[in-house]
1. GNM on chain B, C-alpha springs below 10 Å: top fluctuator among B:Thr121, B:Thr184, B:Thr27?
2. Say the dipole of chain C comes from +1 at the beta carbon of Lys and Arg and -1 at that of Asp and Glu; which of C:Leu287, C:Thr99, C:Ile205 then lies farthest toward its positive end?
3. Along Cα→Cβ, 7 Å out, is where each label goes; now give me the distance between the ones at C:Arg266 and A:Ser154 in nm to one decimal.
4. Pick out, from A:Ala176, A:Leu30, A:Asn102, the residue whose Cα sits farthest towards the positive end of the charge dipole of chain A, with +1 on the Cβ of Lys and Arg and -1 on the Cβ of Asp and Glu.
5. What is the dipole size for the protein assembly as shown, taken about its Cα centre, with +1 at each Lys and Arg Cβ and -1 at each Asp and Glu Cβ, in debye to the nearest 20?
6. Helix A:185-202 against the longest principal axis of chain A: what's the angle in degrees, Cα atoms only, rounded to the nearest 10?
7. At a Förster distance of 35 Å, what's the computed FRET efficiency of C:Ser221 paired with A:Asp14, Cβ-Cβ distance as r, to 0.05?
8. Using the Cα gyration tensor of chain B, with a ≥ b ≥ c the square roots of its eigenvalues, what is the shape: rounded (a/c below 1.5), prolate (a/b larger than b/c) or oblate (neither)?
Amino acid sequence: MTLLSVKNLRVTFDTETGPVEAVRGVSFDLNRERLGIVGESGSGKTMTGRAVLRLIRPPGRIEADSMTFDGQDLMKASEPQLRALRGRRIAMVMQDPKFSLNPVMKVGSQLMEGLRQRDHASRSEARAKALSALEAVQIRDPERVMDAYPHELSGGMGQRVMIAMMLIPDPDLLIADEPTSALDVTVQAEVLSILDNLVKTRGMGLIFISHDLRLVARFCDRVLVMYKGKIVEELAAKDLLHAKHPYTQGLLNCLPRIGGSREALPALDRTASWAR
Amino acid sequence: MTTLNTWLMDPNPKSRLQSRAAQTWLTWLRFRRNPLAMIGLIISLALIFMSIFAPLLAPYDPIAQSLADRLQPPLTPGHWMGTDDFGRDIWSRILFGSRITLYIVLLVIITAPVFGLIVGTVSGYFGGWVDSVLMRITDIFLAFPKLILALALVAVLGPGMVNAVLAIALTSWPPYARVARAETLTVRNSDYIAATRLQGASATRLIWGHIMPMCLPSVIIRVTLDMAGVILTAAGLGFLGLGVQPPLPEWGLMISAGRKFLFEQWWVATMPGLAIFIVSLGFNLLGDGLRDVLDPRSAGK
Amino acid sequence: MAELSDTPAQPHAAVSFLKQTANTVCSLLITFLGLLAVTFIIARIVPVDPVTAILGERATGEQIATLRTKLGLDDPLWQQFLIYIRDVFHGDLGLSIRTRDPILSEIGRYFPATLELSTLGIIIGIFIGIPAGVLGATKPGSWRDQIVRLIGLMGYSMPVFWLGLMGLLLFYGHLGWVGGPGRLDSMYEMMLDMKVKPVTHMILIDTALAGEWDMFRNALSHIILPASILGYLSMAYISRMTRSFMMNELGQEYITTARVKGMPERRVIWVHAMRNVAVPLITVIALSYANLLEGAVLTETIFAWPGLGRYITDALLINDMPAVLGGTIVVGAVYIGINMFSDFLYRLADPRAK
């Protein structure tokens with residue numbers, strides 16, 4: 001059964017110099033699997049993720065032939081219907097917890113907000129759920145973290161809070177937009193394995209957006225490679241090393257490898273015709 | 001026209017002139033899309049036009065009294081804005097008053113921002129104790145309520161137009177110093193300043209030739225936004241009898257003269273107030289629009 | 001396309017709250033001394049000789065000499081300045097030339113009226129300004145936004161004394177909806193001293209305390225117009241700043257987080273964004289409150305309001321410089337006090353500032 005189906009998605013921004021197309025006709029289907037979207041900055045991968053949640057604000061607009069989530073047409077859904085989907089069924093983890101957590105609200109009230117406002121849970125019930133969510137992301141001292149403000153947490157800790165917050169309602173689909181790019185290398189692996197575990201055990205669909213091809217390959221079942229708002233190649237993660245498209249090969253080759261050749265890394269080839 | 005347009009819109013400008021012109025053109029296009037800002041521009045241009053051609057536009061002498069015509073209501077033939085208690089045509093007085101307003105504004109905006117710019121750049125460039133002392137002085141002036149300090153100064157210096165200008169200038173330079181200092185701090189450590197310094201440029205040359213030009217855009221935006229404030233303060237001083245003295249047709253003074261018979265002859269106080277309001281609204285709309293297109297930080301789009 | 005915007009992170013200052021407060025107090029004290037220096041200089045270059053101002057033109061040379069010594073005018077300037085500072089810190093702002101009363105106690109009688117007027121004004125400004133700013137920020141560029149912006153800019157462009165006159169003309173002269181100049185109708189004004197004990201010198205509070213509700217209603221009808229006019233001025237500023245702060249916050253990533261969580265737009269704006277907007281807004285409100293004290297100068301003249309502004313302008317017209325400067329010092333001190341208080345509130349409201 002298809003969880004999410006996107007047909008010919010377009011995201012356009014109206015600017016002074018005319019419309020700028022960030023996403024130009026992207027189509028893909030997603031089951032309860034892990035899908036990676038890879039590309040450089042500006043390739044439209046973030047916008048694709050946000051368009052699924054209908055979170056593009058003016059001057060941006062979203063168009064698609066169809067975009068259905070679990071049988072429900074996202075393009076036709078009303079704002080209350082969308083709100084019911086957001087959070088409860090589709091969640092998103094963003095890049096940098098420094099910006100994605102509200103700086104003047106305590107972590108605890110941000111964690112409990114969904115439960116209290118959306119699900120009308122009692123205070124003690126919400127608190128218990130928030131605490132267990134924090135434990136699920138391997139935070140040892142959940143009581144203290146609940147009472148902290150976001151700026152008092154480290155980046156890795158903040159991102160775990162973010163993951164905990166998004167996974168509390170047990171969504172069917174999680175969009176992770178560069179969830180580890182803003183973190184120190186040492187904690188990246190830790191956060192990733194927490195995320196990986198939760199996704200696997202709860203059996204949810206995952207869209208993993210990243211610029212890091214190898215990371216995505218290790219982490220996902222299937223990979224979409226985006227370039228200038230278009231999908232240039234789609235392939236199974238295990239076939240990544242046999243990628244046919246020169247852009248994908250370019251992305252692979254411009255990373256250094258331990259034990260690889262010591263010559264200068266090749267610059268990324270960007271042939272304009274790929275974007276057509 | 002089309003060729004000019006393509007030349008301006010060329011994404012790969014061939015000369016510096018072309019790129020500058022294209023930049024200006026784009027700014028203008030953005031500015032033009034804001035109807036309120038355009039209204040502001042038109043009002044400001046109208047004020048300048050009015051004050052230049054006041055003698056040609058005014059049907060009557062603004063000062064000569066004609067007691068037979070005193071307190072004529074608006075729409076009286078020949079006096080479409082009515083006359084005041086000395087029988088002077090209010091429209092003519094407003095026209096000539098625009099000269100006084102513009103004169104005060106010009107005097108203030110060529111003194112206060114320049115002084116603030118010097119204080120701010122010197123303070124930011126040298127840093128250390130120079131900065132501490134200068135900024136402390138700036139803070140002291142900022143701590144004064146502007147109008148009250150201006151009142152006290154005029155009280156000491158004696159009423160009159162020049163003293164009013166002086167008082168307004170003395171109370172309005174600190175914000176410019178702050179702005180200029182902030183800009184200076186951001187460019188002070190940049191590489192091109194270091195490069196110029198390595199070539200042996202003196203501090204004066206660096207501040208004058210390299211730092212001040214960088215501060216100018218933000219100072220200019222502030223100036224346009226401040227002009228309305230200057231007009232209002234000057235009118236306030238005039239209203240209290242501390243600014244321009246009678247019989248000159250200063251707008252604030254005219255309001256104060258009309259106050260005595262506000263309830264019977266409302267137009268005497270209303271008309272000059274409308275003039276002040278429209279002109280300061282014009283400057284505010286212009287400044288607001290300019291800031292939107294020139295200051296990338298406030299664009300917020 | 002749009003990667004995350006790179007706003008600089010808030011510095012994690014580990015300076016203790018107390019130390020920062022001490023620093024602020026210290027720098028404000030220096031500012032206050034500077035303020036005194038300026039008023040001192042102004043007082044010393046006044047063309048009016050304080051001695052002739054007190055004794056009149058026909059004083060004898062001996063009288064003048066005695067008074068000069070008594071006033072310390074023969075001491076060196078720096079010594080005079082020190083004495084001046086000592087006097088001010090002892091609450092001695094000198095005697096008013098007009099009434100021969102101590103200026104501080106005179107101001108003590110006038111100031112509550114100003115405080116009452118501007119407090120009511122700022123309350124009106126806050127309650128209209130914040131929603132108006134939010135209205136503009138949530139739909140930037142729309143008609144709604146342009147109207148809010150225009151109303152705000154109009155507030156920036158009105159000469160307050162003219163606005164007061166027009167308000168009187170329309171609401172008092174033509175419509176008769178509000179009371180005229182003064183704090184009460186003259187009938188009530190005569191009864192005031194008999195029936196109402198001046199506890200706070202604020203007329204609304206005093207009449208309410210005395211249970212004189214007729215008088216209270218009358219006072220309300222008198223204060224509402226000048227307070228609304230001052231409220232409009234502060235609303236102009238508050239709505240503009242709210243709009244720009246709100247636009248800035250609505251572009252932040254945590255807003256997306258709240259939307260992802262399925263929060264309704266109302267909550268996203270009024271809880272998530274507003275809590276962040278409130279922090280810088282504290283400073284704005286404090287600043288416009290301080291500005292209202294200044295706006296009161298001209299408003300009080302129009303509305304015959306017995307406040308500090310009127311005290312200063314009246315003193316100005318008869319060249320009573322000690323009173324003018326005393327008033328200036330008090331207003332300056334209140335300015336500084338408001339600044340200090342807003343600084344304190346700011347650090348309470350922003351968890352990152354601790």
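1. Sorting by GNM fluctuation, first place goes to B:Thr27.
2. C:Leu287
3. 4.2 nm
4. Sorting the options by dipole projection puts first A:Leu30.
5. Details: 88 positive and 78 negative charges, 471 e Å.
Roughly 2260 debye for the protein assembly as shown.
6. Its long axis makes an angle of about 70 degrees.
7. Working: r = 51 Å, r/R0 = 1.47.
Given R0 = 35 Å and the Cβ-Cβ separation, E is 0.10.
8. Here chain B falls in the oblate category.
Every read-out reported here was derived from the displayed coordinates using simple, explicitly stated rules and does not represent laboratory data. None of these values were measured; they are calculated from a predicted model. A quick note on method: Cβ atoms are made from the backbone with ideal geometry, for glycine too, and the neighbour counts reach across all protein chains shown.
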